[in-house]
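Asks: Dumping the structure here so I can ask a few things about it.
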């Protein structure tokens, strides 16, 4: 088990589209696409990474 801070990056959600507009939000991955990249990364976090600041 480890405790890390995680910057998930930008994800194309309704909130992002509301803030930045649909055209800008479309430049980022949708949640399903983001998850395909993020989940393996998250599952690979080890105790050796404890305390690190990570970004996806």
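Asks: I'd like to verify a number: residues in region 28-56 that are in a loop (DSSP other than H, G, I, E, B) and out of contact with any helix residue (DSSP H, G or I) (no Cβ under 9 Å at 6 or more places or on another chain), how many?
Replies: Number satisfying all stated conditions: 7.
Asks: Continuing with the same structure: Scan 40, 47, 31 and give me the residue that is exposed (fewer than 10 other Cβ atoms within 10 Å of the Cβ) and within 14 Å of the chain's Cα centre (by Cα).
Replies: Working: 47 fails: within 14 Å of the chain's Cα centre (by Cα); 31 fails: exposed (fewer than 10 other Cβ atoms within 10 Å of the Cβ).
Answer to the check: 40.
Asks: Checking residue 16 against (1) part of a helix (DSSP H, G or I); (2) touching a residue at least 12 places away in the same chain (Cβ under 8 Å); (3) out of contact with any helix residue (DSSP H, G or I) (no Cβ under 8 Å at 6 or more places or on another chain), which test does it fail?
Replies: Unmet for residue 16, out of (1) part of a helix (DSSP H, G or I); (2) touching a residue at least 12 places away in the same chain (Cβ under 8 Å); (3) out of contact with any helix residue (DSSP H, G or I) (no Cβ under 8 Å at 6 or more places or on another chain): (3).
Each reported figure results from applying straightforward, stated rules to the coordinates on display, with no laboratory input. Please read all numbers here as calculations on a predicted model, not as lab measurements. FYI the Cβ positions are ideal-geometry reconstructions off the backbone, even for glycines, and counts take in every protein chain you see.
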